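The values are calculated or read from the model by the stated rules, or taken from the named source; none is laboratory data. Only a predicted model underlies this, so the values are computations on that prediction, with no experimental measurement involved. For neighbour counting, all protein chains shown are included, and Cβ atoms are generated from backbone atoms with ideal geometry for every residue, glycine included. For accessibility, only protein heavy atoms count, side chains too; no ligands or nucleic acids. Shrake-Rupley method; radii C 1.70, N 1.55, O 1.52, S 1.80 Å.
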Amino acid sequence: MSTINIVAPGPHVITCKAAVAWGAGESMVMEQVEVSPPQAMEIRIQVVCTSLCRSDFTAWQFHAIFPRIFGHEASGIVESVGQGVTEFKEGDHVLTVFTGECMQCRQCTSGKSNVCEVLGLERRGVMHSDQKTRFSINGKPIYHYCAVSSFSEYTVVHSGCAVKVSPLAPLEKICLLSCGVAAGLGAAWNVADICEGSTVVIFGLGTLGLSVAQGAKLRGASRIIGVDTNPEKGEIAKAFGITEFLDPNDSNEPIQQVIKHITGGGADYSFECIGDTGMITTALQSCCDGWGLTVTLGVPKEKPEVTAHYGLFLNGRTLKGSLFGGWKPKSDLPSLVEKYMKKEIQIDEFITHNIPFEDINKAFNLMRAGRCLRCVIHMPNAKATLVKE
């Protein structure tokens, strides 16, 4: 477990290191940034570990809001709390979340949704509360990402965008539950509600897709077919429950026809985990008539519109979206941490690299090359054993 050194709390500006992106696709630059004290209903967190998620990578490549501090999948320690915060105190262990839970809006109280109207996905690079930033360099604002920005030694988040967890849980592992692993498990369990003995096909075998596979396996699916253009993923995927691997480049037929043939009419469930709206149509076509269900989890880089023939739906197929796997973060994440502590779900196996903060650009290079699942980035205040490659 990491050993953490907490600075004395107080309502003061903290100067610390952060990896700042100054332009789309440009390497992160280690900068000294000023981090403001938490405002009302906010907390300031000393980040312990954070990991690079595909959505960070996509936004870094294609978004237009800069300069910016990326990162949203993280664990840390509460350093100070703002006015009105009663849920957290200094020293609490927390996970950050990119979509919050205010507990009071129509969505939060409906019992039907995990989409919070107050603390939903933030796209403008500012805080939910006042539309301002908490980071600056020489008085000039540095923009946030998903109202988290964990590629910094310290960050400020709304108290509704953090989840208190057991201090016994290893922060260098459970940080993956603040996005990718939880999102995949939830898509399988909450959104699709996979049945025992069913056939599942998963497009894209990154962390998200393999987490769906893990969830399908734990639900007792009889066939879990993984589809990816990277042949190296085939062997890796078996450890997470994939029973059959298909590379679309190995067949002269469209992959949806291959799947329909080998499943006798289509899969019961299909999952699009790539972030390609064209693949959503392919996933729909890979399902069976009558009850086939397609769940889309990926964040598209471009062309956000989905195109599909109405006949697919007329014949009983369903398309559903999944945000964070349907989990209500504050209500549900502690139970996932507990499942990990009881060895009921896998997390460690997703961590292919442990990287010190100063080498953060290496994580981006590994993801670009398709050579990693999750790179866990360790802040210098967390004393963990790192293996440099």
Among the candidates ASN354, ASN361, ASN365, residue that is in contact with a His (Cβ under 7 Å, 6 or more places away or on another chain) and open to solvent by 40 Å² or more (accessible area, probe 1.4 Å): ASN354
Requiring at least 1 residues that are within 17 Å of SER75 (Cβ to Cβ), the strands (runs of 3 or more DSSP E) wholly within the range 281-389 are 351-356, 374-378
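Looking at the range 73-95, which of its residues are of a type in the set (S, T, N, Q) and surrounded by 24 or more Cβ atoms within 10 Å (Cβ to Cβ)?
Going through the range 73-95, the residues of a type in the set (S, T, N, Q) turn out to be 75, 80, 83, 86.
Hits for the range 73-95 are SER75, SER80.
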Residues that are within 21 Å of the chain's Cα centre (by Cα) and touching a residue at least 12 places away in the same chain (Cβ under 8 Å): list the strands (runs of 3 or more DSSP E) wholly contained in the range 13-116 that include at least 1 such residues. 14-20, 42-51, 73-81, 93-96
Specify the residue that is farthest from MET367 (Cα to Cα); the eligible residues are those in the range 221-235 that are open to solvent by 30 Å² or more (accessible area, probe 1.4 Å) and touching a helix residue (DSSP H, G or I) at 6+ places or on another chain (Cβ under 8 Å). ARG223
For the range 266-280, how many residues are part of a helix (DSSP H, G or I) and either out of contact with any strand residue (DSSP E or B) (no Cβ under 8 Å at 6 or more places or on another chain) or open to solvent by less than 30 Å² (accessible area, probe 1.4 Å) (or both)? 3
Report, ordered by the first and then the second residue, all pairs with beta carbons closer than 8 Å, sequence separation of six or more or different chains, a first member in the range 281-294 that is over 10 Å from GLN257 (Cα atoms), and a second member that is in a helix (DSSP H, G or I) and at pLDDT below 95. LEU284/LEU312
Sole residue being touching a strand residue (DSSP E or B) at 6+ places or on another chain (Cβ under 9 Å) and within 17 Å of ILE43 (Cβ to Cβ), chosen from ASP130, ASP92: ASP92
Collect the residues in the range 243-265 that are part of a loop (DSSP other than H, G, I, E, B) and more than 25 Å from ASP289 (Cβ to Cβ), keeping them in residue-number order. ASP247
Collect the residues in the range 187-220 that are surrounded by fewer than 24 Cβ atoms within 10 Å (Cβ to Cβ) and free of Cβ contacts under 8 Å to residues at least 60 places away in the same chain, keeping them in residue-number order. ASP193, GLU196, GLY197, LYS217, ARG219, GLY220
Conditions (1) at pLDDT below 95; (2) open to solvent by 10 Å² or more (accessible area, probe 1.4 Å); (3) aliphatic (A, V, I, L, M): number failed by ALA40: (1)
Residues of the range 344-360 being touching a helix residue (DSSP H, G or I) at 6+ places or on another chain (Cβ under 6 Å) and among the β-branched types (Val, Ile, Thr), in sequence order, are ILE345, ILE347, ILE355
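Please indicate, with yes or no, whether at least one residue in the range 327-343 is among the small types (Gly, Ala, Ser) and touching a helix residue (DSSP H, G or I) at 6+ places or on another chain (Cβ under 8 Å).
Step one: filter the range 327-343 for residues among the small types (Gly, Ala, Ser), giving 331, 335.
Cutting the leftovers down to touching a helix residue (DSSP H, G or I) at 6+ places or on another chain (Cβ under 8 Å) gives us none.
Checked the range 327-343: no residue is among the small types (Gly, Ala, Ser) and touching a helix residue (DSSP H, G or I) at 6+ places or on another chain (Cβ under 8 Å).
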Checklist (1) free of Cβ contacts under 8 Å to residues at least 60 places away in the same chain; (2) buried (at least 19 other Cβ atoms within 10 Å of the Cβ) applied to ALA183, failing item: (1)
Only one of these is at pLDDT below 95 and aromatic (Phe, Trp, Tyr): PHE62, PHE66. Name it. PHE62
Give the residues of the range 222-242 that are in a loop (DSSP other than H, G, I, E, B) and touching a strand residue (DSSP E or B) at 6+ places or on another chain (Cβ under 7 Å), sorted by residue number. SER222, GLY241, ILE242
Under 6 Å by Cβ, and 6 or more places apart or on different chains, what pairs join a residue from the range 318-337 that is surrounded by fewer than 18 Cβ atoms within 10 Å (Cβ to Cβ) with one that is assigned to a strand (DSSP E or B)? THR318/LEU293; LYS320/VAL295; GLY321/THR296
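Out of the residues in the range 131-177 that are assigned to a strand (DSSP E or B) and within 15 Å of LEU119 (Cβ to Cβ), state the one that is most open to solvent (accessible area, probe 1.4 Å). Don't jump to the end; show me each part of the working.
Our first condition is that a residue be assigned to a strand (DSSP E or B); within the range 131-177, this holds for 135-137, 140-143, 152, 154-158, 162-164.
Next, from what is left, pick out any that are within 15 Å of LEU119 (Cβ to Cβ): 156-158, 162-163.
Details: VAL156: 0, VAL157: 0, HIS158: 37, ALA162: 0, VAL163: 3 Å².
The qualifying residue most open to solvent (accessible area, probe 1.4 Å) is HIS158.
Report yes if PHE70 is more than 18 Å from PRO329 (Cα to Cα) and buried (at least 24 other Cβ atoms within 10 Å of the Cβ), otherwise no. Working first, answer last.
Values: more than 18 Å from PRO329 (Cα to Cα): yes; buried (at least 24 other Cβ atoms within 10 Å of the Cβ): yes.
Answer is yes for this residue.
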